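The block underneath contains the structure these notes are about, expressed in structure tokens.
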Amino acid sequence: MLKIAADILAHIPETTFFIGGPSYGNDEELQQMMIPLREKYGTRFHFHLGYVGRNMAQRLTEDCHIGLLFIDPETTYWIKSSPNKLYEYLRCGAIPVMRASIESPESVSSCSLLFDRYTPEEEIVSSLRDLATDPERCRRMMEDALTLSAQFTFNTVGPEYFRLYNRLWNGRSSPL
């Protein structure tokens, strides 16, 4: 993410970048890596290590155009998932940029940049710069994200959950 931030901030003067969330024990090292970006780009680069409150996370997500969700490719726990952050980005009309393994990637491919575990960092940085320098493409993808988000609301998927839970519950002879 820091390589992306450095590249985007250097090439596109109108951009700002925020990195936030817990770092699970690497705060000092990460802070030392981020300070040069803050010194170089001032208020265009923000970071907050640690818990980001719900209100702040909501405001940041609603205000962003592009949202990053990267899973560490070196993790031993690389599994297909259904990350809530993806759906939050869609609901806010932000373009999800993901390096993660998700269920049904084709369902969000029209409004996202999706990378797999082994995509080279340079390719990710280049793809994101190409996107960020194409306002018409960004606008189209943001509109697609907002439109697509209706398929992932609780009102839309909730009935499926209830059917699943009822099937599980009724298939057991004793309570869970």
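The table that follows gives values for the structure above.
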{"read-out": "From the options 112, 107, 101, residue that is within 14 Å of the chain's Cα centre (by Cα), farther than 25 Å from residue 59 by Cα and not charged (D, E, K, R)", "value": "101"}
{"read-out": "Given (1) surrounded by 13 or more Cβ atoms within 10 Å (Cβ to Cβ); (2) modelled with pLDDT under 90, number of the condition residue 8 does not satisfy", "value": "(2)"}
{"read-out": "Residue that is of a type in the set (A, V, I, L, M, F, W, C) and more than 28 Å from residue 7 (Cβ to Cβ), where the choices are 157, 97", "value": "157"}
{"read-out": "Per-region count, segment 15-65, residues within 15 Å of residue 1 (Cβ to Cβ), open to solvent by 70 Å² or more (accessible area, probe 1.4 Å) and touching a Ser or Thr at 6+ places or on another chain (Cβ under 8 Å)", "value": "2"}
{"read-out": "Qualifying residue in segment 73-92 (condition: open to solvent by less than 20 Å² (accessible area, probe 1.4 Å) and on the phi > 0 side of the Ramachandran plot)", "value": "no"}
{"read-out": "Hey, residue 125 aliphatic (A, V, I, L, M) and touching a strand residue (DSSP E or B) at 6+ places or on another chain (Cβ under 9 Å) or not", "value": "no"}
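Rundown of residues vs (1) in contact (Cβ under 8 Å) with a residue 24 or more places away in the chain; (2) more than 29 Å from residue 135 (Cα to Cα); (3) of a type outside the set (A, V, I, L, M), yes/no style:
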{"position": "11", "(1), (2), (3)": "yes, no, yes"}
{"position": "21", "(1), (2), (3)": "yes, no, yes"}
{"position": "26", "(1), (2), (3)": "no, yes, yes"}
{"position": "47", "(1), (2), (3)": "yes, no, yes"}
{"position": "51", "(1), (2), (3)": "yes, yes, yes"}
{"position": "60", "(1), (2), (3)": "yes, no, no"}
{"position": "82", "(1), (2), (3)": "no, no, yes"}
{"position": "87", "(1), (2), (3)": "yes, no, yes"}
{"position": "90", "(1), (2), (3)": "yes, no, no"}
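The rows are residues; the columns are (1) in contact (Cβ under 8 Å) with a residue 60 or more places away in the chain; (2) under 25 Å from residue 66 (Cα atoms).
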{"residue": "121", "(1), (2)": "yes, yes"}
{"residue": "130", "(1), (2)": "no, yes"}
{"residue": "136", "(1), (2)": "no, yes"}
{"residue": "143", "(1), (2)": "no, yes"}
{"residue": "149", "(1), (2)": "yes, yes"}
{"residue": "159", "(1), (2)": "no, no"}
{"residue": "163", "(1), (2)": "no, no"}
{"residue": "166", "(1), (2)": "no, no"}
{"residue": "171", "(1), (2)": "no, no"}
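The values are calculated or read from the model by the stated rules, or taken from the named source; none is laboratory data. Here the structure is a predicted model, which means the values were calculated and not measured. Note that we place each Cβ from the backbone using ideal geometry, even for glycine, and neighbour counts take in every protein chain shown. These accessible areas exclude ligands, DNA and RNA; they are computed on the full protein's heavy atoms, side chains included. Shrake-Rupley method; radii C 1.70, N 1.55, O 1.52, S 1.80 Å.
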